[in-house]
Amino acid sequence: LPELVIYAKDGKQLLKVYQARSILRYIGGLSGLNGDNAMERLRVDEILDTADDIIVTIPNDKDAAKKKELREASIAKDGKLTQILNLLLARLQENEAAGNKNGFIVGDKLTIADTGLSSSLKHLTSGFFDHIPQDLLSKDYPALQKYVNTVDNVDSIKKFNTAFGQRMQDFKDDAK
């Protein structure tokens with residue numbers, strides 16, 4: 001579990017938080033990445049909750065054949081994941097139609113909605129979930145794939161991903 005511990009100036013622990021989205025929202029508030037106004041903050045929360053829906057909606061079953069059937073149904077024309085991805089596509093198009101041309105999902109600059117959603121979309125198509133094609137976005141939702149690429153190409157995101165990848169490699173090396 002992710003964990004954030006907040007300390008007072010005197011070093012005394014004030015608060016410990018375990019929920020990743022709570023931590024993300026807290027950091028977003030400190031860094032100005034929660035949206036510029038109440039409407040944007042509402043949309044940011046909607047997108048973050050929808051990003052969570054992506055992962056919790058992926059069906060599972062102990063029986064391999066049943067799991068395959070359920071997962072394929074979830075990405076079929078009327079499947080639950082298809083509905084979620086279409087909703088996200090609509091939100092992306094609405095944001096652009098509102099004059100926001102930088103490719104983000106809320107407003108015209110990076111928000112925590114982008115970091116959370118991009119992460120969920122990449123996890124969905126990472127190959128971790130069998131019977132969910134790794135090319136699902138590039139094949140069926142190219143605008144969402146372009147969106148993920150836009151977020152990944154933000155300088156601060158690239159810098160973080162590089163540092164995180166190195167830390168993960170160091171951790172693997174230390175575990176040997």
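The values are calculated or read from the model by the stated rules, or taken from the named source; none is laboratory data. None of the values given here were measured: they were computed from a predicted structure. A quick note on method: Cβ atoms are made from the backbone with ideal geometry, for glycine too, and the neighbour counts reach across all protein chains shown. Ligands, DNA and RNA are excluded from the accessible area calculation, which covers all protein heavy atoms including side chains. Shrake-Rupley method; radii C 1.70, N 1.55, O 1.52, S 1.80 Å.
Entry remark, the range 20-62: residues being in contact with a strand residue (DSSP E or B) (Cβ under 9 Å, 6 or more places away or on another chain) and either modelled with pLDDT of 95 or more or polar (S, T, N, Q) (or both) number 1 in total.
Every condition in (1) open to solvent by 40 Å² or more (accessible area, probe 1.4 Å); (2) under 20 Å from H123 (Cβ atoms) is met by K16 except one, and the failing one is (2).
Here L88 meets the list (1) closer than 19 Å to Q145 by Cβ; (2) open to solvent by 50 Å² or more (accessible area, probe 1.4 Å) almost entirely, failing just condition (2).
Within the range 66-88, residues that are at negative phi have Cβ atoms under 6 Å from residues that are open to solvent by 80 Å² or more (accessible area, probe 1.4 Å) and among the basic types (K, R) in these pairs: S74/K80, counting only partners at least 6 apart in sequence or on another chain.
Examine the range 140-148 for a residue that is over 29 Å from R71 (Cβ atoms) and out of contact with any strand residue (DSSP E or B) (no Cβ under 9 Å at 6 or more places or on another chain), and state whether such a residue exists. No, every residue in the range 140-148 fails to be over 29 Å from R71 (Cβ atoms) and out of contact with any strand residue (DSSP E or B) (no Cβ under 9 Å at 6 or more places or on another chain). Return yes or no: is L117 under 13 Å from A143 (Cα atoms) and not in a loop (DSSP other than H, G, I, E, B)? Here the answer is no, as L117 does not meet what is asked. Scanning the range 56-85 for residues that are open to solvent by less than 30 Å² (accessible area, probe 1.4 Å) and aliphatic (A, V, I, L, M) returns I58, L81, I84, L85.
Look at the range 14-39: where a residue is farther than 17 Å from I105 by Cβ and a partner is of a type in the set (A, V, I, L, M) and open to solvent by 60 Å² or more (accessible area, probe 1.4 Å), sitting 6+ places away or on another chain with Cβ atoms under 7 Å, you get Y18/L1. Kindly indicate the residue of the range 40-55 that is without any contact (Cβ under 8 Å) to a residue 40 or more places away in the chain and of a type outside the set (D, E) and also surrounded by the most Cβ atoms within 10 Å (Cβ to Cβ) among those meeting that condition. Ranking the candidates gives R41 first. All of (1) at pLDDT 95 or above; (2) closer than 25 Å to Q19 by Cα hold for A163 with one exception: (1).
Scanning the range 104-130 for residues that are of a type in the set (S, T, Y), open to solvent by less than 40 Å² (accessible area, probe 1.4 Å) and more than 8 Å from the chain's Cα centre (by Cα) yields a total of 2.
Cβ separations smaller than 7 Å between residues 6+ apart or across chains give no pair from the range 108-122 residues that are over 17 Å from A98 (Cα atoms) and without any contact (Cβ under 8 Å) to a residue 60 or more places away in the chain to residues that are small (G, A, S) and surrounded by fewer than 22 Cβ atoms within 10 Å (Cβ to Cβ). For A98, the conditions (1) free of Cβ contacts under 8 Å to residues at least 24 places away in the same chain; (2) under 21 Å from Y147 (Cα atoms); (3) surrounded by 12 or more Cβ atoms within 10 Å (Cβ to Cβ) are fulfilled apart from (3).
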